[in-house]
1. Within the range 115-173, restricting attention to residues that are touching a Phe, Trp or Tyr at 6+ places or on another chain (Cβ under 7 Å) and more than 15 Å from the ligand (Cβ to nearest atom), which residue is nearest to LEU94 (Cα to Cα)?
2. Part of a strand (DSSP E or B) and either in contact with a helix residue (DSSP H, G or I) (Cβ under 6 Å, 6 or more places away or on another chain) or at pLDDT 90 or above (or both): which single residue out of VAL209, VAL218, VAL153 fits that description?
3. Can you report the number of residues in the range 70-95 which are touching a strand residue (DSSP E or B) at 6+ places or on another chain (Cβ under 8 Å), within 12 Å of the ligand (Cβ to nearest atom) and closer than 23 Å to VAL43 by Cβ?
4. Evaluate the following for ILE147: is it part of a helix (DSSP H, G or I) and not aromatic (Phe, Trp, Tyr)?
5. Please count how many residues of the range 6-31 are modelled with pLDDT under 95, in a helix (DSSP H, G or I) and open to solvent by 100 Å² or more (accessible area, probe 1.4 Å).
6. Looking only at the range 154-165, decide whether some residue is crowded, with 18+ Cβ neighbours inside 10 Å, at positive phi and of a type outside the set (Val, Ile, Thr).
7. Check off (1) touching a residue at least 24 places away in the same chain (Cβ under 8 Å); (2) in contact with a helix residue (DSSP H, G or I) (Cβ under 8 Å, 6 or more places away or on another chain); (3) more than 9 Å from the ligand (Cβ to nearest atom) for GLN111 and give me the number that stays unchecked.
Amino acid sequence: MVDVLAAEISRFVRAVGPEPDETLVEMDRFAEEHGFPHVGPEVGAFLRFVARLSDAERIFEFGSGYGYSAYWFADALPDDGGEIVLTEVDEDELEQAREYMAAGGYDALAQYELGDAVETAERYDGPFDVVLIDIQKHQYKDAFEAIRSKVPVGGVIVADNAISASVIEFEKLLDMVEAAQADDDAARRVIEAESNEHTRGIADYLERVSADPAFETVVTPLGEGIAVSYRVE
Ligand SMILES: C[S@@+](CC[C@H](N)C(=O)[O-])C[C@H]1O[C@@H](n2cnc3c(N)ncnc32)[C@H](O)[C@@H]1O
């Protein structure tokens, strides 16, 4: 019942949202055929929307896969002076991202970085107006620490898989967030011991960003859930 409702809502969001171009349609087909966990069209459209609202000139992605989220972002960047940094540990996926970005005419905007995204972020100078975190869940907090100071006031960090994913136990995540808010260390330790590392990674991330006075964070149930953190100071 809940799944049916979620599927209907997602269909509705897609119907109202911007039309994916031919390349995005092909990329969606690729994800479906290969079971690739891309952010999907609802979150893709939202990412581009965030980049437009922020007048983004520079974007950093932690975990670009075959380029799906980067492709959505790219159209919001200025042709002259815009930049998006794609990071990926898988060489074949990064090569595929390069081909898709070129097909959309976005190749000149993109920097392709093979290797660990957190290490890459540490090497780059800011500012980055928009950041996407979509890597291994236990690395989310490290990703935030690596990029935090490079996001100016008015910048936005979006973290995917903030609510649920097949690997994430939603009820436990909620318990962990509530225990953290209540400062109940004993409860948190018990829940943590029973949770998998994906859940712990997401809970640690949400606790870190929501306690950071420089950011205002809102979680929204698009796709697998995204945490959107806006830099206020
Ligand atoms: C869930 S996929 C999403 C990719 C992309 N954002 C999208 O929506 O299609 C995550 C990608 O991050 C890559 N990845 C995981 N950990 C990484 C790391 N530490 N550094 C760089 N890439 C990483 C994986 O190989 C995978 O391709």
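1. The selected residue is PHE128.
2. Result of the check over VAL209, VAL218, VAL153: VAL218.
3. 9
4. Yes; evaluated as a whole, the condition is true for this residue.
5. So the count comes out to 4.
6. Looking for residues that are crowded, with 18+ Cβ neighbours inside 10 Å, at positive phi and of a type outside the set (Val, Ile, Thr), one finds at least one in the range 154-165, hence yes.
7. Just one mismatch for GLN111, condition (2).
Table: residues versus (1) within 18 Å of the chain's Cα centre (by Cα); (2) assigned to a strand (DSSP E or B); (3) within 19 Å of GLU224 (Cβ to Cβ).
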{"position": "PHE73", "(1), (2), (3)": "yes, no, yes"}
{"position": "GLY81", "(1), (2), (3)": "no, no, no"}
{"position": "LEU86", "(1), (2), (3)": "yes, yes, no"}
{"position": "LEU94", "(1), (2), (3)": "yes, no, no"}
{"position": "TYR100", "(1), (2), (3)": "no, no, no"}
{"position": "VAL118", "(1), (2), (3)": "yes, no, no"}
{"position": "LEU132", "(1), (2), (3)": "yes, yes, yes"}
{"position": "GLN139", "(1), (2), (3)": "yes, no, yes"}
{"position": "GLU171", "(1), (2), (3)": "no, no, yes"}
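The values are calculated or read from the model by the stated rules, or taken from the named source; none is laboratory data. Bear in mind the structure is a predicted one, so any value in this text is a computation, not a measurement. Quick reminder, even Gly has a Cβ in these numbers, built from the backbone with ideal geometry, and neighbours come from all protein chains shown. Ligands, DNA and RNA are excluded from the accessible area calculation, which covers all protein heavy atoms including side chains. Shrake-Rupley method; radii C 1.70, N 1.55, O 1.52, S 1.80 Å.
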